[in-house]
Amino acid sequence: MSGRLTRAHRREIENKTHQKINLDDLAKFEPDRFVSDVNNAPSAEETKEKEAQQEEEKEESDAKEKKLNKQQKESREQEEVALKGKDEESNSDESSEEDSSEEDSSDSSSDSSSDSSSDSSGEEDDLDALLKKAQQALASQTASIMLEKSNSDKINTKLSKMDSGISVAKELYFKQVAGRAKLVPEAVTLVNDEEKVSPKATVVLKPNKDDKQLNKKERRVEREKTTGKAWFDMPKTEMTDQVKRDLQVLKMRHILDRKRHYKKMGKRPDPKYFQIGTIIESPTEFFSARINKKDRKQTIVEELMANDDLKQYYKRKHIEVQERTSSGGKKHYKKLKAQRQWAK
């Protein structure tokens with residue numbers, strides 16, 4: 001076996017070790033050591049026998065464990081039974097001791113009563129009275145305990161009677177006739193808007209008035225009454241004379257004040273949907289941007305006409321416009337002619 005490993009050696013090693021070995025890997029190992037290890041390696045039959053022995057040992061250990069568990073369970077059950085028996089015996093002993101103590105107390109009371117009877121008759125009466133009181137107290141206690149137990153077992157289903165204020169015969173509009181529920185004709189009435197309701201009727205019904213289907217024009221008119229859901233159904237305002245004047249003033253706002261300049265409104269049509277309100281100043285603007293109560297008016301035109309300075313300004317501007325527009329006409333020519341005559 002000295003020298004290099006051959007293919008025959010490789011087959012023998014593979015049969016014994018049950019593993020594949022490449023020829024390239026054989027050159028890495030020493031042949032003498034490798035072959036000796038292979039010869040010493042156990043065969044397939046030996047390995048099978050060892051596995052069978054291990055399985056048998058495992059089965060035996062499992063069986064032993066099962067037996068031990070059963071024995072432990074049985075011992076525990078026996079201990080529990082013994083403990084229960086001891087508890088019952090102790091309870092019975094306690095009850096017997098109580099009975100014996102009662103008997104002893106009764107014997108002692110009888111002895112004492114016999115002794116006292118020999119001594120004096122007054123003491124016997126006192127003892128009898130005390131015994132009677134004790135018996136009565138015990139009887140009352142036992143009765144109260146029994147009552148508490150019976151009340152706890154039973155539920156009190158009795159309820160106090162209450163006056164509902166409704167008489168079934170008069171107020172209800174259903175009656176049972178031959179085991180069937182029927183309406184009372186006097187209790188339910190169908191009434192129009194103009195008709196009167198009878199006092200006997202408990203239920204009053206009115207006929208449903210379905211809305212008539214509208215035409216296309218009628219639907220358009222209904223839509224034009226409000227701005228729609230996008231603007232919270234703002235209604236259309238009525239165009240009164242005061243509102244028209246205020247809109248005209250707003251269109252000519254660039255002429256109102258000579259120190260302020262606004263964007264011209266132009267020839268826009270009057271708005272259909274708008275609302276008029278008053279601006280409430282904040283408390284910080286009490287002295288700077290607050291209008292006095294005497295200067296406050298209902299409309300914009302009234303506020304403008306109440307100011308004397310503005311009235312003079314509007315009058316002067318009005319005269320200037322008239323002179324500018326009327327120059328070159330008949331009135332202008334007559335005026336010039338009169339001036340010449342006065343000059344002569």
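Just so you know, all these numbers are worked out from the coordinates, no wet-lab data involved. Because the structure is a prediction, the values reported are computed rather than measured. Cβ sites come from the backbone with ideal geometry, for glycine too, and all protein chains shown count toward neighbours.
If the limit is 24 Å between Cα atoms, which of K259/K317; K263/K293; K236/K294; K216/K267; K251/K330; K251/K315 go over it?
Working: K259/K317 15 Å; K263/K293 30 Å; K236/K294 32 Å; K216/K267 32 Å; K251/K330 32 Å; K251/K315 19 Å.
Long pairs (Cα-Cα over 24 Å): K263/K293; K236/K294; K216/K267; K251/K330.
How big is the convex hull of the Cα atoms of the stretch 228-343, per residue, in Å³?
Values: hull volume 24.1 nm³, N = 116.
Hull volume normalised by residue count: 208 Å³.
Report the net charge of residues surrounding W231, where surrounding means a beta-carbon distance below 14 angstrom and charges are Lys +1, Arg +1, Asp -1, Glu -1.
On the way: positive: R223, K225, K229, K236, K272; negative: E224, D233.
Net charge around W231: +3.
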Cross-link partners of K70 among lysines (Cα-Cα below 29 Å; sequence separation of 8 or more within a chain): K58, K84, K86
